[in-house]
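Take a look at the structure set out below.
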Amino acid sequence: MTAAGANPVIDQSMEKLREIEDKIRALFDQVNSVMSWVPDILSDLIEPVRRVMNELNQKVTELWDATKKFVTDRGDPARLRQAAAEWSDRIGSGIGEIAGSVSLDKLKTNIEWSGKAAETYKVTVPAQVAGLNSLKDLGLQIRNSLVNLANGLESFWLQIYGTLSALGIAVAVAIVSAISVVGIPAAVVILIGVLGAGIASIFTTISAVDSLTNSIGVEQTAIEDKVNSLGATWPRTNTESMSHSSDWKRQS
C-alpha cells in the first residue's frame, strides 16, 4: 500500500469536497433562518426563494452524482510510479545486465576454446541476448506506460481540485449574499450557474481520463502480445555438438 499523504492532490480534493458540502449545508441553514423571520403577509417574497432553493437542491444532487465516480475510485499515482520504478530497476536494468554479461565478447568460451562446441555457442548466444534485450525493452515499455498513467491521473486530480476550489468560493460568496429575502434569489441563481459549469467541467475531466485509461489499456494489450510472441522456449545449444572431446579445442 502507498503511505498516507503520498498523493496530496487527492487528499486536498477530498478535503475541498467536504468543505463544499459543509458550506452548502450552511447556505441552506442561513436561508431557512432568514425565511423564518418573514411574516405571512409577505408570502409573495417567499415563493421565489422556495423556487430557486428547489433548483439549487437539484443542482447539488447533480454535483454529488458527478463526483461519485472519482470519490469511490480515486486511483493511486504514487503507487503506479512505485510499480514503474520496480519494473525499471528490477526487470529492465536487471535483464539488461544479464544480456550484457552473456554477449559473445564476454564469454571465455569463444576466447579460450575453439571447435564445434565453441561454434555452437557462437550461434546460440546472439539469440539468447536478443531475447533478453526484448524482455528488457518490454519491461521499459511497461514502466513508461505506468508513468504515463500516473501522470494522467495526477493531471486529472489537479483539474478536479481547481474546479472544486472555484465551487467552494462560489458557495462562500452565496452565503455572504444571502443575508436578506431580496438578496437570496439572485445569489442562488448565480450559484446554480456556477455549479452547472463546475459539473460540466467535472464530466469533461472524467471523459479525458477515461480516454487516457482506454489508450493505456490498448498499449498494455500490445505489450502482452509482444510478450506472447517471444515464445515459451529458451534458445539452447546443440549438445550433440559438444559431446565428444574433439569438439573442444583449447586455444593456443
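Observations on the model:
- Number of the condition not met by L135 [criteria: (1) modelled with pLDDT of 65 or more; (2) more than 25 Å from M53 (Cα to Cα); (3) open to solvent by less than 60 Å² (accessible area, probe 1.4 Å)]: (3)
- Scan region 35-60 for residues that are surrounded by fewer than 16 Cβ atoms within 10 Å (Cβ to Cβ) and out of contact with any Phe, Trp or Tyr (no Cβ under 9 Å at 6 or more places or on another chain) and the total you get is 17.
- Test: S201 is at pLDDT below 70 and of a type in the set (S, T, Y): no
- Any chance Y161 is farther than 26 Å from N228 by Cβ, modelled with pLDDT of 95 or more, among the hydroxyl-bearing types (S, T, Y) and open to solvent by 40 Å² or more (accessible area, probe 1.4 Å): yes
- Residues of region 66-78 that are open to solvent by less than 20 Å² (accessible area, probe 1.4 Å) and of a type in the set (S, T, Y): T67 alone.
- Test for L63: is it open to solvent by less than 20 Å² (accessible area, probe 1.4 Å) and part of a helix (DSSP H, G or I): yes
The values are calculated or read from the model by the stated rules, or taken from the named source; none is laboratory data. Note that the coordinates shown come from a computational prediction; the quantities given were computed from them, not determined experimentally. Quick reminder, even Gly has a Cβ in these numbers, built from the backbone with ideal geometry, and neighbours come from all protein chains shown. Only protein heavy atoms, including side chains, enter the accessible area calculation; ligands, DNA and RNA are left aside. Shrake-Rupley method; radii C 1.70, N 1.55, O 1.52, S 1.80 Å.
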